[in-house]
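The values are calculated or read from the model by the stated rules, or taken from the named source; none is laboratory data. Computed from a predicted model, the values in this text were never measured in an experiment. In this analysis, Cβ positions are derived from the backbone assuming ideal geometry, glycine residues included, and neighbour counts consider all displayed protein chains.
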Amino acid sequence: MLAIVAPDRWNRLGSDSPYWNPKTETLDRERLEALQLAKLRRQCEWAAARSPWYRRAFAQSGFDPDQLRSLSDLQRLEPLTRAEWMTSQAEHPPYGQLPTIDGAGAIRVHTTSGTTGMGPLRALDSRKDWSWIAEMWCYAVWGCGVRPRDTAYIAFGYGSFIGFWGLHYAMEKVGVLNVPGGAQSTEARVRQIIDFEVTVVASTPTYALRLAQEARSLGIDLRESSVTRLILSGEPAGSIPVTKALIEEQWGAKAFDTAGMTEIGTIMVFECAHQPGGTHIIEDHFIEEVLDPDSLEPVDYGERGERVVTSFGRGAIPLLRYRTADLVCRVPAARCSCGRGFDIYEGGILGRVDDMKLVRGTNVYPRAIEAIVREHGEVDEFQTLITREGIRDEITLRVEMKPDWDASGWDRLARELHKRLGLAFEGLNFRIECAPQGELPRFELKAKRTLDRRDVPMGAGR
């Protein structure tokens with residue numbers, strides 16, 4: 001469905017613009033919400049007819065798809081949690097009762113990364129679902145300026161974790177030459193990026209820094225390569241300004257943030273080429289609510305809350321009001337000059353509700369630690385360790401320095417990190433340690449840099 005575009009918006013997004021994607025991206029709010037309501041009715045009817053989970057959930061909530069008169073009517077349905085999905089999967093293995101199909105009706109199965117410690121979720125997709133998944137990635141691919149003339153390198157392991165699978169097929173839909181970088185060492189990937197004269201690289205933010213680190217050790221200056229864009233996903237770091245600036249400086253290319261979930265099947269937000277300091281919500285395919293994580297009441301524009309997502313495109317698992325545990329701050333579409341009518345998450349995904357650690361009464365967020373550490377370019381990698389010594393919690397920042405770092409600057413750096421972290425976290429006393437070269441783990445997918453070892457006996461090792 002092609003939107004009727006007002007003249008002023010056509011001037012900003014017209015056919016001669018490298019940012020124009022002729023879909024429903026320029027609908028005004030009234031027409032966009034009318035489209036969402038029509039799709040919502042259809043998805044709820046589908047779920048009621050085919051998903052055992054939703055037949056029961058609708059009955060328990062007194063929710064009837066025929067009663068949908070406005071988007072606010074959706075709030076009568078209780079939000080779905082990951083724990084509930086996991087329980088359904090455990091009680092009715094292997095896929096639980098949410099799906100509308102079984103393995104015989106699907107063409108793919110993917111799992112979550114399992115980094116939350118709860119084990120992986122298993123998600124099924126039909127052929128139609130998979131086409132939609134790739135189409136959602138096309139919003140990001142086209143939106144950041146990727147075109148058929150580009151060559152893309154997907155630095156990803158291509159396993160059961162959904163990761164960049166959808167992006168791979170989106171590149172094909174756009175007409176981009178794809179170089180799949182699975183099952184290879186980091187050195188081999190760096191050399192392929194150079195050899196194939198790649199112009200677009202897709203990876204997690206952490207792995208983009210790891211690739212740059214490997215390139216330096218090989219004597220390769222990525223700033224002199226053909227790469228002009230990096231598409232980042234999988235971690236909040238893609239929207240941390242200092243981390244993003246570091247990636248762009250080391251690659252000599254522009255970096256664009258995206259965010260998705262295996263549970264939804266694809267990305268839901270992307271950063272357009274105008275880079276408004278956040279990510280656009282793909283609102284013609286999703287309803288995204290921002291709720292207070294405790295009361296589950298909606299919060300206003302500009303206030304932080306938890307994303308609760310309803311998806312229209314995935315038929316095999318029609319998720320309605322799924323609690324993502326992602327922290328976001330929603331602002332109006334007008335914040336960006338690109339002309340899209342899609343609202344924006346300021347700063348992208350700000351972190352996760354379940355990532356927050358309480359240390360001596362102070363809330364500690366991994367994203368905030370990274371924002372401070374990444375200001376120091378001499379730091380190669382870092383890790384936060386939380387332990388309990390007697391009755392007292394301790395928090396230690398372990399940093400690994402670059403090989404060419406001048407060790408005489410350690411005292412100054414340690415003092416600066418201690419001061420900045422104390423100011424950021426209400427006077428919390430961070431211990432600062434210098435880790436030996438190569439000791440801290442490197443990550444290809446989602447980084448796990450915060451270790452909470454308060455339940456591990458002292459002396460049991462890190």
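Which of the numbered conditions does Thr26 fail, given that it passes all the others? Conditions: (1) touching a residue at least 60 places away in the same chain (Cβ under 8 Å); (2) farther than 17 Å from Ile264 by Cβ; (3) part of a helix (DSSP H, G or I).
Of the numbered conditions (1) touching a residue at least 60 places away in the same chain (Cβ under 8 Å); (2) farther than 17 Å from Ile264 by Cβ; (3) part of a helix (DSSP H, G or I), the odd one out for Thr26 is (3).
Name the residues in the range 327-360 that are farther than 30 Å from Glu33 by Cβ and without any contact (Cβ under 8 Å) to a residue 12 or more places away in the chain, would you?
Once the filter is applied, which keeps residues that are farther than 30 Å from Glu33 by Cβ and without any contact (Cβ under 8 Å) to a residue 12 or more places away in the chain, the range 327-360 yields Met356, Leu358.
Applying the selection to the range 193-206, what residues are of a type in the set (Ser, Thr, Tyr) and either at pLDDT below 95 or not assigned by TED's automatic domain parsing to the domain that holds Gly182 (or both)?
Scanning the range 193-206 gives Thr204, Thr206.
Please find, among Trp85, Trp132, the residue that is out of contact with any strand residue (DSSP E or B) (no Cβ under 6 Å at 6 or more places or on another chain), over 28 Å from Ala447 (Cβ atoms) and of a type in the set (Phe, Trp, Tyr).
Trp132
Here's a check for you: in the range 321-370, which residue that is farther than 23 Å from Thr266 by Cα and of a type in the set (S, T, N, Q) is surrounded by the fewest Cβ atoms within 10 Å (Cβ to Cβ)?
Top of the filtered list is Ser337.
Residue-by-condition table, conditions (1) in the same structural domain as Ile344 (by TED's automatic domain parsing); (2) at pLDDT 95 or above; (3) in contact with a strand residue (DSSP E or B) (Cβ under 8 Å, 6 or more places away or on another chain); (4) within 20 Å of Ala140 (Cβ to Cβ):
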{"position": "Ala3", "(1), (2), (3), (4)": "yes, no, no, yes"}
{"position": "Pro7", "(1), (2), (3), (4)": "yes, no, no, no"}
{"position": "Gly14", "(1), (2), (3), (4)": "yes, no, no, no"}
{"position": "Trp20", "(1), (2), (3), (4)": "yes, no, no, yes"}
{"position": "Thr26", "(1), (2), (3), (4)": "yes, no, no, yes"}
{"position": "Arg31", "(1), (2), (3), (4)": "yes, no, no, no"}
{"position": "Arg41", "(1), (2), (3), (4)": "yes, yes, no, no"}
{"position": "Trp46", "(1), (2), (3), (4)": "yes, yes, no, no"}
{"position": "Tyr54", "(1), (2), (3), (4)": "yes, yes, no, no"}
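Assuming Asn429 fulfils every condition listed in (1) modelled with pLDDT of 90 or more; (2) over 30 Å from Leu211 (Cα atoms); (3) in contact with a strand residue (DSSP E or B) (Cβ under 6 Å, 6 or more places away or on another chain) apart from one, which condition is it?
The number of the failed condition is (3).
Mind checking which residues of the range 404-426 are at pLDDT 90 or above, within 29 Å of the chain's Cα centre (by Cα) and among the charged types (D, E, K, R)?
Arg420
Take Arg454 and decide whether it is free of Cβ contacts under 8 Å to residues at least 40 places away in the same chain and exposed (fewer than 15 other Cβ atoms within 10 Å of the Cβ).
For Arg454, the condition - free of Cβ contacts under 8 Å to residues at least 40 places away in the same chain and exposed (fewer than 15 other Cβ atoms within 10 Å of the Cβ) - is not met.
Look through Gly175, Gly145, Gly163, Gly96 and report the one residue that is in contact with a Pro (Cβ under 6 Å, 6 or more places away or on another chain), in the same structural domain as Glu288 (by TED's automatic domain parsing) and touching a residue at least 40 places away in the same chain (Cβ under 8 Å).
After ruling out the rest, the residue left standing is Gly145.
For the condition of a type in the set (A, V, I, L, M, F, W, C), touching a helix residue (DSSP H, G or I) at 6+ places or on another chain (Cβ under 8 Å) and under 25 Å from Leu296 (Cβ atoms), what is the one hit in Ile344, Ile369?
Of Ile344, Ile369, the one residue that is of a type in the set (A, V, I, L, M, F, W, C), touching a helix residue (DSSP H, G or I) at 6+ places or on another chain (Cβ under 8 Å) and under 25 Å from Leu296 (Cβ atoms) is Ile344.
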